[in-house]
1. What list of ³J(HN,Hα) couplings, whole Hz, do you get for segment A:130-143 from phi and the Karplus terms 6.51, -1.76, 1.60, once you set θ to phi - 60° and write x for glycine and proline?
2. With the Cα gyration tensor of segment B:1-129 giving a ≥ b ≥ c as the square roots of its eigenvalues, does the rule (a/c under 1.5 for rounded; else a/b larger than b/c for prolate; else oblate) give rounded, prolate or oblate?
3. For B:GLN426, list long-range residues whose amide hydrogen, built 1.01 Å from N in the peptide plane, is under 5 Å from its own amide hydrogen.
4. I need the Debye-formula profile for segment A:166-229: one equal scatterer per C-alpha, no solvent, reported as log10 I(q)/I(0) at q = 0.13, 0.17 1/Å, two decimals.
5. Under the Kirkwood approximation applied to all pairs of distinct alpha-carbon atoms, what is the hydrodynamic radius of segment B:271-451 in Å?
6. Which Cβ of chain A lies nearest the axis of the rotation superposing A onto B, and at what whole-Å distance?
7. Is the C-alpha gyration tensor of chain B telling us rounded, prolate or oblate? Criteria: a/c under 1.5 is rounded; beyond that, a/b larger than b/c is prolate, otherwise oblate.
8. Percent antiparallel among DSSP beta bridges with both residues in the protein assembly as shown, to the nearest 5?
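The values are calculated or read from the model by the stated rules, or taken from the named source; none is laboratory data. Keep in mind that this is a model prediction, so the values were computed, not measured. Note: ideal-geometry Cβ built from the backbone for every residue, glycine included; neighbour counts use all protein chains shown. For the accessible areas, the whole protein counts, side chains as well, though only heavy atoms, and no ligand, DNA or RNA atoms are used. Shrake-Rupley method; radii C 1.70, N 1.55, O 1.52, S 1.80 Å.
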Protein chains: 2
Amino acid sequence: MQLTGEMLIGGAAVLGHDAEIQAINPATGETMQPAYPGGAGAEVERACALAWEAFDTYRALSLEERATFLETVAAEILELGDALVERACAESGLPRGRIEGERGRTVGQLRLFAQVVREGSWIGVRIDPALPDRKPMARVDLRQRQIPLGPVAVFGASNFPLAFSVAGGDTASALAAGCPVVVKAHSAHPGTSEMVGRAVQAAVRKCGLPEGVFSMLFGSGSKVGQALVADPRIKAVGFTGSRSGGTALMKTAAARPEPIPVYAEMSSINPVFLLPAALNKRAAEIGKSFVGSLTMGAGQFCTNPGLVLAVEGPDLDAFLASARTALEAAPASTMLTPGILKAYQEGVARLKGHADVEQVAEGQLCSGPTQGQAALFVTDAAKFMADVALEEEVFGAASLVIRCSDVATMKAVAEKLEGQLTATIQMEDGDVEHARALLPTLERRVGRILINGYPTGVEVSHAMVHGGPYPSTADGRSTSVGTLAIQRFLRPVCYQDFPEALLPEALRDSNPLGIWQRVEGELRRN
Amino acid sequence: MQLTGEMLIGGAAVLGHDAEIQAINPATGETMQPAYPGGAGAEVERACALAWEAFDTYRALSLEERATFLETVAAEILELGDALVERACAESGLPRGRIEGERGRTVGQLRLFAQVVREGSWIGVRIDPALPDRKPMARVDLRQRQIPLGPVAVFGASNFPLAFSVAGGDTASALAAGCPVVVKAHSAHPGTSEMVGRAVQAAVRKCGLPEGVFSMLFGSGSKVGQALVADPRIKAVGFTGSRSGGTALMKTAAARPEPIPVYAEMSSINPVFLLPAALNKRAAEIGKSFVGSLTMGAGQFCTNPGLVLAVEGPDLDAFLASARTALEAAPASTMLTPGILKAYQEGVARLKGHADVEQVAEGQLCSGPTQGQAALFVTDAAKFMADVALEEEVFGAASLVIRCSDVATMKAVAEKLEGQLTATIQMEDGDVEHARALLPTLERRVGRILINGYPTGVEVSHAMVHGGPYPSTADGRSTSVGTLAIQRFLRPVCYQDFPEALLPEALRDSNPLGIWQRVEGELRRN
């Protein structure tokens, strides 16, 4: 595919007129071609108008048609072949294996959502049949289903150029729900975005859908991003990025004449609790595997373990010694963008210069233009609790260990933490009571709790939660990974005393779709 | 029960120190005893501290214990006997039959939520078992459940002194979800609130629950209401009232260091579409039954039909003639409070004085101190669309008829309407294609669509939706009536690789609770 530097607005490809975006290959520092001139108000207007126009038609597709469309998007992405992998590697600095895996995940989640669409539980059918003879008053016939909210603005993330970008999780779940999508592509990987965007555009065309089902814009946060979120035809927002970026979108969305939901996945330091028996039995092993999780992908995961809590003493010292050894052997890794590297270096410098924080170890020195050096720090619970700045995420391979005087202090620190995507417990049988005591606090604070694992792997499945209380996300009632994500883009509508001719198929007594229906409060499928 | 004028904070009864609230019997104009001194910061602090303290214990109750508690609240309300009915009638001006019915609804919805709690689908169990042999990577064991958000602030509504007040729908659904509740009682019916509050307090005691599961405060919106919503231990808000009140709470909630969801049910004019064949066949009957819905309960329902759309011509004239006759015979009715009457009179005066609006009819003259006179107005589509003020809700028995040149114009007006709780279609077989064309617009605009009924009855059931896009509610993704309301107060948590000993019962393979579980994406219960 010849990249053109154009935005995709419905079925058209349009060159912008605003400031140009160009990708930088972070491994070489080279500027990549082509340039992507940004869009502005006119392009936002056109994309939103087309999305609105497409909405009623798109949401009225049969389950099979909608599922087939998602599968066609997946097939078109695979059709891009190795060129997509090469471009994504070059624009992100991520290794080929990672990008290939991410492509598999991207295609896999589109196919998984196709299954979810076909299965139909997301329609949330509820039927309370009329009771004409009820005393003292007859009951009317009431039937409920979930319908899509409307066009969704999706912001591509920097750290998953495929799986959380143009055709990533937010796009897949919004399209699955029946919502047209307008993507604001991330400026770090415009070429990858154009390729994937053209794949989605091709799928829209092949499936004969209204062109407005999908558009993709390039441009600045203020001219394109904020304008999208402010547009009255946009009814929800999906975002993965920084806290400042996410909260700015939340403000815009709340200030609209009609406020809309923002699903922003923002920041998390993902505390890891090393309980005493585990630390006693496996300090060296945990130190090593923890560093593996910390440095994976240059630490550029939302679920990177940025905080470790343990009781001070020889076992913790053994953990630190093992982590130090592993970290000192960890090669510097290319980070996604010069901007991300700079923010990482500033975060590390802040910790290095902090009077109450001690450096445990550093990774190997950098040898390329955009490389980040891993770092591990230590402080104690009282000092940590005395400075809220120590709780700020340092996006990259840096982590802070908190020495606690006892397990109760670990729990007390947990109780003061902000909302997080994940919390991890390393434990042995002897730690069960400690873990039990800690769990209610963690449930209130995080979206996913792991035992004896590391948070950096996020499975795309039915039970996954990639979400959590604010500020890990804007809205802790949801997840951005896994099939539950479809529910973010739905709302219930009740149909009272509808004649059969006007009743949506999903709500008919004969159940022609063969989906689960809750009848008088009882689930059934027949 | 001897009323004391006290607030209920956990197990205690506490007299406030702020400005006094006293109910006024709207039928007589008399001030009622006792006085209720308002609370302020200290009482909000104490109630929230107790609620937070109670949260982990309350949410850990078994399903049976939680359900029994809800049923005990219902029983304690019935125990109040006729004294409750008398006080509620006196404080609200509502007739005995209505208050008795409302008590039945209040008790009924507590019992219905008890059933919902026992049935357990609200826990939303999802299980993706470990796949240790999966290639290229093993899959971890992932299990998801919904947990309650935390303490909820509930604002009593004026127009349902039982069913949407201290132990009304918001309280019942929050308690069912596992959330402690702090109620801000409505100032219009403090005696009714004290009685019901003491019934809930007694149920908490009888069931041996932590006292903080329920508190109830009196006081001003600024000193108690806003302080409650701003308290960091409050995690969600339930409100039914005015748009100005609801949007003020939304602002406070969004400005918190941790923003929280606000479920505010605010305003709606509930358009009624009279399609041509129906109007041709039943103009006189529709005119009469429409006025019955309009004047019911002095028009003080969120779902009151405040807007009628029809094609101009002799059939619409016949409808207007019939409605005029019915309305002119409609007696004036006592409204809830002098303040509500004043706002109603101002709204009616605004329509009377509007150059583009014509009065069709007035109800009978008022004979009591707080009575409202019903009123019906007419304008045309172009004039209606030219002045957004004509779309403002006039809370009470007033409605505006829009003459449209054709059905397409009816649809065009619908497309411009703000979000609504309901829309109603009056139709005959000959109107099916018109109705079909109108439905996509209505689905996007409202929470409940009725055919050949009137919106003023709201059944409490599984399929009901009493919600809708902004500004009918703050959050169109939910309902405040019916069993789906429990989902407003829940969020998902994922448990990864948990040992059996630490796994919540709901998530175990053996399914000891016997509830529905979604295993690998498939629902099952065994």
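1. 4, 10, x, 9, 5, 10, x, 9, 4, 9, 6, 8, 10, 9
2. Numbers: a/c = 2.87, a/b = 1.45, b/c = 1.98.
The shape class here is oblate.
3. B:PHE273, B:LEU274, B:LEU275, B:ASN452
4. Treating every Cα as an identical point scatterer, log10 I(q)/I(0) equals -0.34, -0.58.
5. On the way: mean 1/r = 0.0615 Å⁻¹.
Roughly 16.3 Å, rounded to one decimal.
6. A:ALA254, 2
7. Oblate.
8. Taking every DSSP beta bridge with both residues in the protein assembly as shown, the antiparallel ones total about 40 percent.
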